[in-house]
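No value in this document is a laboratory result; all are computed from the given coordinates. The structure displayed is predicted, hence computed values, not measured ones. Cβ coordinates were reconstructed from backbone atoms using ideal geometry, including for glycine residues, and neighbour counts include every protein chain displayed.
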Amino acid sequence: MTYPEKLRDPRWQKKRLEILQRDGWKCVICHAADKELQVHHAVYRRLDPWAYPDYCYQSLCRDCHQTRGELTDKAVDAFRLAMKDIPTERLAQAAQRMMGHAMQTMEVG
């Protein structure tokens with residue numbers, strides 16, 4: 001199933017509505033209730049879009065969602081530049097620890 005097909009899946013539609021309701025049908029950043037709302041995934045792994053814990057989602061208006069994506073891209077680029085000189089082995093060990101902690105946190109939630 002392609003990602004666009006997954007976004008039409010009833011399981012995603014149900015999760016999406018649950019998140020919008022949880023967030024009071026407004027953008028959690030600008031608090032707009034009169035704009036088109038989208039549900040943002042704070043993380044993307046190899047899970048189906050509906051399979052993350054609820055704390056991994058945010059209700060955002062289209063403008064805040066776009067801004068969040070742009071800022072994330074810039075942060076990732078800055079992070080990559082900051083770690084470009086770290087030896088691969090040390091970087092792999094640190095990434096493994098961080099990923100293990102993140103996944104453990106997701107399982108607990």
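Okay, here's what the table says:
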item: Complete set of residues in the stretch 20-66 that are of a type in the set (Lys, Arg) and within 22 Å of Tyr3 (Cα to Cα); result: Arg45, Arg46, Arg62
item: The stretch 48-106 - residue that is among the aromatic types (Phe, Trp, Tyr) and within 18 Å of Val28 (Cα to Cα) and, of those, surrounded by the most Cβ atoms within 10 Å (Cβ to Cβ); result: Tyr57
item: Near pairs, Cβ below 6 angstrom, 6+ apart or cross-chain, from the stretch 14-29 (closer than 16 Å to Cys61 by Cβ) to any residue that is part of a helix (DSSP H, G or I) and of a type outside the set (Asp, Glu); result: Cys27/Cys64; Ile29/Cys64
item: Matching residues in the stretch 1-47 - criterion: being surrounded by 11 or more Cβ atoms within 10 Å (Cβ to Cβ), among the acidic types (Asp, Glu) and not in a loop (DSSP other than H, G, I, E, B); result: Glu18
